[in-house]
1. Below 8 Å between Cα atoms, with a sequence gap of 6+, how large is the relative contact order for segment 1-73 in percent?
2. Quick one: go through segment 10-33 and flag any residue whose amide nitrogen is under 18 Å from the point 7 Å out along the Cα-to-Cβ line of LYS122.
3. Take the chain, mark every one of the trypsin sites (Lys or Arg not before Pro) that falls in a DSSP loop and has at most 16 other Cβ within 10 Å, then report the longest stretch left between them, sites excluded.
4. What is the helix-to-structure angle for 90-99, meaning the angle in degrees between its Cα long axis and the longest Cα principal axis of the chain, kept from 0 to 90 and rounded to the nearest 10?
5. Could you tell me what percent of the accessible area of segment 99-166 is made up of carbon and sulfur, with a 1.4 Å probe and every protein chain present?
6. Report the relative contact order of the chain, percent, no decimals, based on alpha-carbon pairs under 8 angstrom and at least 6 residues apart.
7. Near the amide H of GLU32, under 5 Å away, which other amide H atoms are found, from residues 5 or more places off or on another chain, if H is placed in the peptide plane?
8. What percent does the relative contact order of segment 106-174 come to when contacts are Cα pairs within less than 8 Å and at least six residues apart?
Amino acid sequence: MILYINCCVREESRTARLAKAYLDKLGKEYREVYLPEEDIQPMDRQRVNRRMELAGKGDFSDEMFRYARDFANADEIVIAAPYWDLSFPSILKIYIENIYAVGLVCRYTEEGEPVGMCKAEKLTYITTAGGPYVSDYSYGYLRSLAMDFFGIKSTRLIKAEMLDIAGYDAEAIVQKAIDEL
Ligand SMILES: Cc1cc2nc3c(=O)[nH]c(=O)nc-3n(C[C@H](O)[C@H](O)[C@H](O)COP(=O)(O)O)c2cc1C
(Lines give C-alpha, C1' and ligand atoms only; values in the text may rest on other atoms or scores of the structure.)
Protein backbone atom coordinates (compact mmCIF):
# COMPACT_ATOMS: atom_id res chain seq x y z
CA MET A 1 0.00 0.00 0.00
CA ILE A 2 1.11 3.59 -0.70
CA LEU A 3 1.87 5.64 2.40
CA TYR A 4 0.92 9.27 1.81
CA ILE A 5 2.62 11.59 4.30
CA ASN A 6 0.75 14.86 4.11
CA CYS A 7 2.58 17.80 5.73
CA CYS A 8 0.43 20.53 4.16
CA VAL A 9 -0.65 22.89 6.87
CA ARG A 10 -2.89 25.35 5.01
CA GLU A 11 -6.50 24.48 4.28
CA GLU A 12 -6.21 25.76 0.72
CA SER A 13 -2.80 24.11 0.19
CA ARG A 14 -1.65 23.96 -3.40
CA THR A 15 0.90 21.30 -2.50
CA ALA A 16 -1.89 19.05 -1.22
CA ARG A 17 -3.83 19.69 -4.44
CA LEU A 18 -0.87 18.65 -6.56
CA ALA A 19 -0.33 15.57 -4.37
CA LYS A 20 -4.00 14.58 -4.62
CA ALA A 21 -3.85 14.86 -8.41
CA TYR A 22 -0.75 12.63 -8.40
CA LEU A 23 -2.39 10.02 -6.15
CA ASP A 24 -5.55 10.08 -8.30
CA LYS A 25 -3.38 9.54 -11.37
CA LEU A 26 -1.66 6.55 -9.74
CA GLY A 27 -5.14 5.17 -9.05
CA LYS A 28 -3.88 2.86 -6.30
CA GLU A 29 -5.05 2.50 -2.75
CA TYR A 30 -3.21 4.72 -0.29
CA ARG A 31 -3.16 5.45 3.41
CA GLU A 32 -2.82 9.07 4.42
CA VAL A 33 -1.02 10.30 7.51
CA TYR A 34 -1.97 13.95 7.99
CA LEU A 35 0.94 15.14 10.12
CA PRO A 36 -0.48 18.50 11.31
CA GLU A 37 -3.19 16.57 13.17
CA GLU A 38 -1.09 13.68 14.44
CA ASP A 39 -0.03 13.47 18.07
CA ILE A 40 3.64 13.16 17.15
CA GLN A 41 6.36 14.35 19.49
CA PRO A 42 9.99 15.39 19.00
CA MET A 43 12.63 13.10 20.47
CA ASP A 44 13.21 14.42 23.98
CA ARG A 45 15.66 12.81 26.43
CA GLN A 46 13.17 10.34 27.84
CA ARG A 47 11.97 9.16 24.43
CA VAL A 48 15.49 8.80 23.01
CA ASN A 49 16.56 6.72 26.00
CA ARG A 50 13.48 4.52 25.77
CA ARG A 51 13.93 4.04 22.05
CA MET A 52 17.58 3.05 22.48
CA GLU A 53 16.68 0.62 25.23
CA LEU A 54 13.92 -1.07 23.20
CA ALA A 55 15.87 -1.07 19.93
CA GLY A 56 18.83 -2.60 21.79
CA LYS A 57 16.57 -5.52 22.72
CA GLY A 58 15.16 -5.70 19.20
CA ASP A 59 11.69 -4.98 20.58
CA PHE A 60 9.79 -2.74 18.17
CA SER A 61 6.31 -3.56 19.42
CA ASP A 62 5.95 -0.31 21.39
CA GLU A 63 3.53 2.35 20.18
CA MET A 64 6.47 4.76 19.71
CA PHE A 65 7.59 2.71 16.67
CA ARG A 66 4.24 2.83 14.86
CA TYR A 67 5.33 5.46 12.32
CA ALA A 68 8.61 3.65 11.65
CA ARG A 69 6.84 0.30 11.20
CA ASP A 70 4.36 1.79 8.72
CA PHE A 71 7.13 3.55 6.82
CA ALA A 72 9.30 0.44 6.62
CA ASN A 73 6.38 -1.71 5.40
CA ALA A 74 4.90 0.65 2.80
CA ASP A 75 5.15 -0.36 -0.87
CA GLU A 76 5.63 3.23 -1.96
CA ILE A 77 6.05 6.57 -0.20
CA VAL A 78 4.52 9.88 -1.24
CA ILE A 79 5.41 13.00 0.75
CA ALA A 80 3.67 16.34 0.21
CA ALA A 81 5.27 19.32 1.93
CA PRO A 82 5.30 23.04 1.06
CA TYR A 83 8.63 24.85 0.72
CA TRP A 84 9.12 26.62 4.03
CA ASP A 85 12.27 28.53 4.99
CA LEU A 86 14.34 26.77 2.30
CA SER A 87 13.11 23.45 3.64
CA PHE A 88 9.76 22.06 4.84
CA PRO A 89 7.43 22.42 7.86
CA SER A 90 9.11 21.26 11.10
CA ILE A 91 6.45 18.60 11.63
CA LEU A 92 8.14 16.61 8.85
CA LYS A 93 11.48 16.71 10.67
CA ILE A 94 9.73 15.44 13.79
CA TYR A 95 8.24 12.64 11.69
CA ILE A 96 11.71 11.75 10.37
CA GLU A 97 13.06 11.65 13.94
CA ASN A 98 10.26 9.26 14.79
CA ILE A 99 10.73 6.90 11.87
CA TYR A 100 14.52 6.70 11.98
CA ALA A 101 14.64 3.62 14.21
CA VAL A 102 17.78 1.60 13.66
CA GLY A 103 16.71 -2.00 13.25
CA LEU A 104 13.45 -1.09 11.48
CA VAL A 105 14.19 1.29 8.59
CA CYS A 106 17.95 0.85 8.51
CA ARG A 107 20.71 -1.22 10.08
CA TYR A 108 24.46 -0.79 10.18
CA THR A 109 27.19 -3.25 9.25
CA GLU A 110 30.12 -3.82 11.62
CA GLU A 111 32.06 -1.37 9.45
CA GLY A 112 29.40 1.27 10.10
CA GLU A 113 27.87 1.11 6.63
CA PRO A 114 24.13 1.75 6.54
CA VAL A 115 21.92 -0.94 5.00
CA GLY A 116 18.37 0.08 4.13
CA MET A 117 15.51 -2.05 5.45
CA CYS A 118 12.49 -0.35 3.87
CA LYS A 119 10.27 -2.27 1.48
CA ALA A 120 9.38 0.70 -0.75
CA GLU A 121 11.17 0.96 -4.09
CA LYS A 122 10.07 4.51 -4.75
CA LEU A 123 9.63 7.79 -2.87
CA THR A 124 7.92 10.78 -4.47
CA TYR A 125 8.35 14.24 -2.96
CA ILE A 126 5.77 16.85 -3.89
CA THR A 127 6.20 20.52 -3.11
CA THR A 128 5.21 24.03 -4.08
CA ALA A 129 7.24 27.19 -3.52
CA GLY A 130 6.46 30.89 -3.32
CA GLY A 131 9.64 31.75 -5.22
CA PRO A 132 12.27 29.69 -7.01
CA TYR A 133 12.59 26.21 -5.49
CA VAL A 134 16.05 25.05 -4.31
CA SER A 135 15.96 21.39 -3.37
CA ASP A 136 19.06 21.09 -1.11
CA TYR A 137 17.38 21.07 2.32
CA SER A 138 14.11 19.40 1.43
CA TYR A 139 13.95 17.01 -1.52
CA GLY A 140 17.76 16.67 -1.55
CA TYR A 141 17.76 15.72 2.13
CA LEU A 142 14.87 13.26 1.75
CA ARG A 143 16.55 11.73 -1.29
CA SER A 144 19.78 11.12 0.68
CA LEU A 145 17.88 9.55 3.54
CA ALA A 146 15.81 7.37 1.19
CA MET A 147 18.60 6.15 -1.05
CA ASP A 148 21.64 6.08 1.25
CA PHE A 149 19.99 4.93 4.46
CA PHE A 150 16.48 3.50 3.94
CA GLY A 151 17.21 1.37 0.88
CA ILE A 152 14.61 3.07 -1.33
CA LYS A 153 16.00 2.77 -4.83
CA SER A 154 14.41 5.67 -6.66
CA THR A 155 13.07 9.09 -5.80
CA ARG A 156 11.18 11.66 -7.80
CA LEU A 157 10.49 15.36 -7.31
CA ILE A 158 7.21 16.95 -8.41
CA LYS A 159 7.03 20.72 -7.92
CA ALA A 160 5.36 23.97 -8.80
CA GLU A 161 7.26 27.17 -8.04
CA MET A 162 7.04 30.99 -8.23
CA LEU A 163 3.50 30.82 -6.88
CA ASP A 164 3.72 33.95 -4.70
CA ILE A 165 5.60 36.24 -7.08
CA ALA A 166 3.71 39.22 -8.50
CA GLY A 167 3.12 38.81 -12.21
CA TYR A 168 3.08 35.00 -12.09
CA ASP A 169 -0.22 33.21 -12.52
CA ALA A 170 -0.16 30.75 -9.59
CA GLU A 171 -3.31 28.93 -10.68
CA ALA A 172 -1.93 28.38 -14.20
CA ILE A 173 1.43 27.14 -12.83
CA VAL A 174 -0.25 24.62 -10.51
CA GLN A 175 -2.59 23.46 -13.28
CA LYS A 176 0.38 23.01 -15.65
CA ALA A 177 2.18 20.88 -13.02
CA ILE A 178 -0.97 18.76 -12.68
CA ASP A 179 -1.33 18.39 -16.45
CA GLU A 180 2.31 17.27 -16.70
CA LEU A 181 2.00 14.52 -14.09
C1 LIG B 1 6.14 29.65 7.00
C2 LIG B 1 6.38 29.83 5.51
C3 LIG B 1 7.67 29.82 5.02
C4 LIG B 1 7.89 29.99 3.65
N5 LIG B 1 9.19 29.97 3.18
C6 LIG B 1 9.42 30.10 1.85
C7 LIG B 1 10.74 30.07 1.33
O8 LIG B 1 11.74 29.92 2.05
N9 LIG B 1 10.92 30.22 0.01
C10 LIG B 1 9.87 30.37 -0.86
O11 LIG B 1 10.08 30.45 -2.06
N12 LIG B 1 8.59 30.38 -0.40
C13 LIG B 1 8.35 30.25 0.93
N14 LIG B 1 7.07 30.27 1.40
C15 LIG B 1 5.93 30.32 0.45
C16 LIG B 1 5.41 28.90 0.16
O17 LIG B 1 6.46 28.07 -0.28
C18 LIG B 1 4.34 28.89 -0.91
O19 LIG B 1 3.29 29.79 -0.63
C20 LIG B 1 3.79 27.47 -1.09
O21 LIG B 1 3.08 27.37 -2.30
C22 LIG B 1 2.88 27.12 0.06
O23 LIG B 1 2.33 25.86 -0.16
P24 LIG B 1 0.80 25.52 0.16
O25 LIG B 1 -0.07 26.31 -0.82
O26 LIG B 1 0.73 24.06 -0.06
O27 LIG B 1 0.55 25.91 1.57
C28 LIG B 1 6.81 30.15 2.77
C29 LIG B 1 5.50 30.15 3.28
C30 LIG B 1 5.28 30.01 4.64
C31 LIG B 1 3.85 30.02 5.17
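1. Relative contact order comes out at 37 percent.
2. The answer is 18-32, whose backbone nitrogens lie closer than 18 Å to the label point.
3. 58-118
4. 30
5. The computed percentage sits at 52.
6. 23
7. Distant-sequence amide H within range of GLU32: TYR4.
8. With pairs under 8 Å counted, the relative contact order is 38 percent.
The values are calculated or read from the model by the stated rules, or taken from the named source; none is laboratory data. Computed from a predicted structure; not experimentally measured. All Cβ positions, glycine included, derive from the backbone under ideal geometry; neighbour counts span all protein chains shown. In case anyone asks, the SASA skips ligands and DNA or RNA and just uses the protein heavy atoms, side chains included. Shrake-Rupley method; radii C 1.70, N 1.55, O 1.52, S 1.80 Å.
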